[in-house]
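S.K.: Please read through the structure below; I'll follow up with questions.
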């Protein structure tokens, strides 16, 4: 049996399940609170969030794009920051970068992700759901990103997962969630090829209803936001700041992502506008590789016999990992959506467990090592443990190589599934 199974398959949540779930959940909360107090995290990011909270408080969500300092996140995140500022004011608390007051927000979204994902996969047994809850509560990559660094990448990552796995049975809700994901962070666009291929496949089989419901859900969520900004003439500014600025902001090979550009194909600080071997720029070559990977993931969804939950998770992990590994200008935290997809797959396809474990560890190390650099207020100091720059360089190279191995294994696993299905049909 491919899927992980632990005991009974009845989806009813009994008293023992709730007791164990509460203990696991509480452990996840306490660990995050401890880490949040022990590490200041990336103070540069947190300081910007404090500034954006003040801008929303002073000018409102729409005008904050006119007056906020370097405000380049989509409106849902900006609204959340404004709401968080309002809540803190109610308790008489002032948010401060590098302190727990700015960690509570990402910790909260970590917990919300657990609370939403566990009932979403109700087809799993109670035991499997408890294991999944444990994975989400104690995954080192998720812990480093939220409780230690102070980011909420889990928000758009969870929305990406939900919009994908709900696509088959709840296309209207999937459309709404994909729209909300884009309103949380532009990186959510990475999952669009997976959604698009599923909808095209449904259209091929003349299953038009699902596509129409998805589009309706998408427009239902995004149109009010667009009209809200258009009403006072700030729509163009919002789109430019929140989405347009995501391109060309850091024109170098890698922004600390330990991928193919992390000293393997070049110095990560090299400009990606430089021409590679006289053929094309580094940036164009990276985008070409990404396109090839997306085509491969799309072919997987089109050629497999039947699309299941596991198929959607695998395709989602593939495109998100390709986005992290292949283009230039990628940040270390862009691995979080891929990580979330990865840790879910083994509950349906057990052979993916080792890839999920490996990527969880490498993701946490990648983010932790970058926090060690010291710039931008990063304060996670591995040098105090005796790690030299040479050691950190060697570790980074090793992590990049492991990431390449995982990427190649994903391609192999998808190809093998396609060929196995064709062999059975013949």
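Where a number appears in this text, it was derived from the coordinates with a stated rule and is not lab data. Keep in mind that this is a model prediction, so the values were computed, not measured. Glycine also receives a Cβ, built like all others from the backbone with ideal geometry; neighbour counts cover every protein chain displayed.
S.K.: May I have the extent of the alpha carbons of the range 248-426 along their three principal axes, as whole Å values ordered from largest to smallest?
M.R.: Largest to smallest, the principal-axis extents are 58, 41, 23 Å.
S.K.: Starting from the Cα gyration tensor of the range 65-127, take the square roots of the eigenvalues, sort them a ≥ b ≥ c, and report rounded, prolate or oblate (rounded when a/c is under 1.5, otherwise prolate if a/b is larger than b/c, else oblate).
M.R.: It comes out prolate by the Cα gyration axes.
S.K.: Could you give me D for the range 202-307, from Stokes-Einstein at 10 °C and 1.306 mPa s, where the hydrodynamic radius is the Kirkwood radius over C-alpha pairs? Units µm² s⁻¹, please. Write out the running numbers ahead of the final one.
M.R.: Numbers: Rh = 17.9 Å.
Answer, rounded: 89 µm²/s.
S.K.: Would you order 282, 42 from fewest to most other beta-carbon atoms within 10 Å of each residue's own beta-carbon?
M.R.: 282, 42
S.K.: Here is a follow-up. With the cut-off at 1.5 for a/c, could you classify the range 35-91 from its C-alpha gyration tensor as rounded, prolate or oblate?
M.R.: Oblate, since a/c reaches 1.5 and b/c is not below a/b.
S.K.: Can you give the Kirkwood hydrodynamic radius of the range 153-247 from its Cα pairs, in Å with one decimal?
M.R.: 13.8
S.K.: Based only on other Cβ atoms within 10 Å, what is the fewest-to-most ordering of 206, 201, 85, 333? Write out the running numbers ahead of the final one.
M.R.: Numbers: 206 7, 201 17, 85 21, 333 25.
Ascending number of Cβ neighbours within 10 Å: 206, 201, 85, 333.
S.K.: Nearest 500 deg cm²/dmol is fine: what mean residue ellipticity at 222 nm does the chain get from its DSSP H runs of n ≥ 4 alone, each adding -39,500 (n - 2.57), divided by its residue count?
M.R.: Computed ellipticity for the chain at 222 nm equals -21500 deg cm²/dmol.
S.K.: Here is a further query. At each listed q (0.15, 0.18 Å⁻¹), what is the log10 of I(q)/I(0) that the Debye formula gives for the range 15-110 modelled as equal alpha-carbon point scatterers?
M.R.: Values returned for q = 0.15, 0.18 Å⁻¹ are -0.64, -0.83.
S.K.: Going by average Cβ density within 10 Å per residue, which order do the peptides 180-186, 169-175 take, highest to lowest?
M.R.: Top of the packing list down: 180-186, 169-175.
S.K.: Hey, another quick one. As a footprinting exposure proxy, order 390, 417, 329 by other Cβ within 10 Å, with the fewest listed first.
M.R.: The most exposed by this proxy come first: 390, 417, 329.
S.K.: Based on the mean of other beta carbon atoms within 10 Å per residue, what is the order of 70-81, 287-298, 223-234, most packed first?
M.R.: On the way: 70-81: 20.9, 287-298: 16.9, 223-234: 13.5.
Highest mean packing first, the order is 70-81, 287-298, 223-234.
S.K.: With contacts defined as alpha carbon pairs under 8 Å and 6 or more residues apart, what's the relative contact order of the chain in percent?
M.R.: Reported relative contact order: 20 percent.
S.K.: Using just the C-alpha positions of the range 47-186 as equal point scatterers, what log10 of I(q)/I(0) does the Debye formula give at each q in 0.16, 0.19, 0.20, 0.21 1/Å?
M.R.: Ignoring solvent entirely, the Cα scatterers give -0.91, -1.15, -1.21, -1.27.
S.K.: Determine, for each peptide in 25-36, 315-326, 133-144, 94-105, the mean count of other beta carbons within 10 angstrom over its residues, then list the peptides with the highest first.
M.R.: 315-326, 133-144, 94-105, 25-36
S.K.: Test of understanding: express the Cα radius of gyration of the range 171-223 as a ratio to 2.2 N^0.38 Å, with N the residue count.
M.R.: Working it through for the range 171-223, the quotient is 1.10.
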